[in-house]
Amino acid sequence: MIVFEKFGFTPTGYVKISVHSVSVASSLNAGNPFSSRLGFFLLSEESLLQVLLEIQQNPNLCVLDSHYILPLFTFRDLLPPPLSSFNNSYPVTAPNEYSLFFANCAPETRVSMSVKTEIYNLDRDGSRDYLSAGLTQLPWLYSLYFLAYAGFLGLWIYVLYSNKRSIHRIHLLMGGLLLMKALNLICAAEDKHYVKVTGTPHGWDVLFYIFQFIRVVLLFTVIVLIGTGWSFLKPFLQEKEKKVLMVVIPLQVLANIASVVIGETGPFIKDWVTWNQVFLLVDVICCCAIIFPIVWSIRSLRETSKTDGKAARNLAKLQLFRQFYIVVIGYLYFTRIVVFALKTIAAYKYQWVSYAAEETASLMFYMVMFYMFRPVEKNEYFVLDEEDEEAAELALRDEEFEL
């Protein structure tokens, strides 16, 4: 059994399958008496469990004989050689999320063929919608968030312009991150729009992956650099902090390669599951790695506070870094675990909700991070209040900034 694609159908769904250049080679017979043992079918997630149970109870059962599937056609319907082709469209009247499968139940038989599938729902005006029922809202959703980030970028430029004396290099990197995020979103919106209307992204997927790569690398770099205090607390990186960047950036290159393979292919390629596992593993490693610089900065500030006699300033810095640590952990937890749970439990018609939740969480994270480390002359990093110095010393002595 080979999975071609998963798709959410409305009551006006269609599957169009075009097969040509079919070659069937059997080591048992010169002819092909097993043509009815090879074919395409649709299977819902609920029915898949029933089919697996049937096969477990009867290992000799061919899935094409199961009454849980929606059969489309078998090789018995192929035109005779030399054409050996088939082209037909099938209505899907029972709305649900189905996977398109090809099954080969013929013993000792190898199949080679070229397959083109078109899966779509019909809108009220009769036009085709090539996006799954739960994803058809994505073009306007991404456009909405693009406008939000474009406004955010304009506000950030205004803040930088208004506080020229307090600008550090990290603030320019943060501005670049906002620009890449906005470009990534508009490319995602165009990509999904063209897929929705025509079935293909018309090159927008290339731009999407380019800006996604730059954006993700910039995001992890900015979090690491803020965590180290680079440019606003110190003008250089320590050796161990450089090593974190040297680990994170190449891993993000690998993660983006995996993302492209996952997005542009499907479960029908041999190593698709492996690429998913690679992406998950690399993402977890990167998420863990970016936490270390924040922890190191908190420990360093705690040690410094005992000797430099600037309790109020150090207390403010410690509190800010501690808050940033909590914000980063919350963002990573939500976008990796909560969003995954939403994708898993949400009905297929509401898959867009998980994408909206992820983008909302990202926007909130960006807003909090940019607010905390905005360029202002009297930033909490540079607070000096002689009257509160004693209170700060007591707080540092009593407060344990354990993680």
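The values are calculated or read from the model by the stated rules, or taken from the named source; none is laboratory data. All values derive from a computational prediction rather than experimental measurement. A quick note on method: Cβ atoms are made from the backbone with ideal geometry, for glycine too, and the neighbour counts reach across all protein chains shown. Calculation scope for accessible area: heavy atoms of the full protein, side chains included, ligands and nucleic acids excluded. Shrake-Rupley method; radii C 1.70, N 1.55, O 1.52, S 1.80 Å.
I need the full set of residues from the range 193-232 which are assigned to a loop (DSSP other than H, G, I, E, B) and either within 19 Å of the chain's Cα centre (by Cα) or closer than 23 Å to Val368 by Cα (or both), in order please.
Within the range 193-232, Pro201, Gly229, Ser231, Phe232 qualify.
Could you tell me whether any residue of the range 363-375 is of a type in the set (Ser, Thr, Tyr), surrounded by 18 or more Cβ atoms within 10 Å (Cβ to Cβ) and at pLDDT below 95?
no
Considering only the range 1-58, give the strands (runs of 3 or more DSSP E) lying wholly within it that have at least 1 residues that are free of Cβ contacts under 8 Å to residues at least 60 places away in the same chain and either open to solvent by less than 20 Å² (accessible area, probe 1.4 Å) or touching a Pro at 6+ places or on another chain (Cβ under 7 Å) (or both). Break it down into steps so the answer makes sense when it comes.
Numbers: elements: 2-8, 13-26, 38-44.
Fully inside the range 1-58 and qualifying: 38-44.
Every residue in the range 62-82 that is open to solvent by 50 Å² or more (accessible area, probe 1.4 Å), touching a residue at least 12 places away in the same chain (Cβ under 8 Å) and in a loop (DSSP other than H, G, I, E, B), please.
Tyr68
Is it true that Leu100 is under 25 Å from Glu118 (Cβ atoms) and surrounded by 16 or more Cβ atoms within 10 Å (Cβ to Cβ)? So that I can check it myself, show each step before the final result.
On the way: under 25 Å from Glu118 (Cβ atoms): yes; surrounded by 16 or more Cβ atoms within 10 Å (Cβ to Cβ): yes.
The answer is yes for Leu100.
Of the conditions (1) surrounded by fewer than 17 Cβ atoms within 10 Å (Cβ to Cβ); (2) among the acidic types (Asp, Glu); (3) modelled with pLDDT of 85 or more, Asp308 clears all except one; give me its number.
(3)
Report whether or not Phe340 is open to solvent by 90 Å² or more (accessible area, probe 1.4 Å) and either modelled with pLDDT under 95 or touching a Gly at 6+ places or on another chain (Cβ under 9 Å) (or both). Show your work before the answer.
Details: open to solvent by 90 Å² or more (accessible area, probe 1.4 Å): yes; either modelled with pLDDT under 95 or touching a Gly at 6+ places or on another chain (Cβ under 9 Å) (or both): yes.
Spelling it out, Phe340 is indeed open to solvent by 90 Å² or more (accessible area, probe 1.4 Å) and either modelled with pLDDT under 95 or touching a Gly at 6+ places or on another chain (Cβ under 9 Å) (or both).
Which is in contact (Cβ under 8 Å) with a residue 12 or more places away in the chain and open to solvent by less than 40 Å² (accessible area, probe 1.4 Å), of Leu183, Leu178, Leu173?
Unique residue meeting the criteria: Leu178.
List every residue pair whose Cβ atoms sit under 8 Å apart, with the two residues 6 or more apart in sequence or on different chains, where the first one lies in the range 353-372 and is within 22 Å of Ala341 (Cα to Cα) and the second, anywhere, is polar (S, T, N, Q).
Close Cβ pairs satisfying both conditions: Glu358/Thr335; Ala361/Thr335; Ser362/Thr335.
Looking at the range 119-142, which of the residues that are at pLDDT below 95 and among the acidic types (Asp, Glu) is surrounded by the fewest Cβ atoms within 10 Å (Cβ to Cβ)?
Ranking the qualifying residues of the range 119-142, first place goes to Asp125.
Could you tell me which of the residues Leu320, Leu315, Leu245 is more than 25 Å from Ser362 (Cβ to Cβ), at pLDDT below 90 and assigned to a helix (DSSP H, G or I)? Spell out the reasoning first.
On the way: Leu320 fails: more than 25 Å from Ser362 (Cβ to Cβ); Leu245 fails: more than 25 Å from Ser362 (Cβ to Cβ).
So the residue among Leu320, Leu315, Leu245 that is more than 25 Å from Ser362 (Cβ to Cβ), at pLDDT below 90 and assigned to a helix (DSSP H, G or I) is Leu315.
Looking at Tyr355, Tyr333, can you tell me which residue is among the hydroxyl-bearing types (Ser, Thr, Tyr) and crowded, with 18+ Cβ neighbours inside 10 Å? Can you show your working first?
Numbers: Tyr333 fails: crowded, with 18+ Cβ neighbours inside 10 Å.
Residue meeting the stated conditions: Tyr355.
For the range 128-154, enumerate the residues that are part of a helix (DSSP H, G or I) and either in contact with a Gly (Cβ under 7 Å, 6 or more places away or on another chain) or aliphatic (A, V, I, L, M) (or both).
Taking the range 128-154 and keeping what is part of a helix (DSSP H, G or I), we get 138-154.
Matches in the range 128-154: Leu138, Leu141, Leu144, Leu147, Ala148, Ala150, Leu153.
Where residues in the range 236-272 are among the charged types (D, E, K, R) and either without any contact (Cβ under 8 Å) to a residue 24 or more places away in the chain or surrounded by 14 or more Cβ atoms within 10 Å (Cβ to Cβ) (or both), which of them is nearest to Ser114 (Cα to Cα)? Give the derivation first.
Step one: of the range 236-272, the residues among the charged types (D, E, K, R) are 239-243, 264, 270-271.
Checking the rest, the ones that are also either without any contact (Cβ under 8 Å) to a residue 24 or more places away in the chain or surrounded by 14 or more Cβ atoms within 10 Å (Cβ to Cβ) (or both) come to 239, 241-243, 270-271.
Values: Glu239: 53, Glu241: 51, Lys242: 49, Lys243: 47, Lys270: 16, Asp271: 19 Å.
Of everything passing the filter in the range 236-272, Lys270 is nearest to Ser114 (Cα to Cα).
Do you know which residues across the range 196-237 are aliphatic (A, V, I, L, M) and within 27 Å of Phe292 (Cβ to Cβ)?
First pass over the range 196-237, keeping only residues aliphatic (A, V, I, L, M): 197, 206-207, 210, 214, 216-219, 222-226, 233, 237.
The answer is Ile214, Val216, Val217, Leu218, Leu219, Val222, Ile223, Val224, Leu225, Ile226, Leu233, Leu237.
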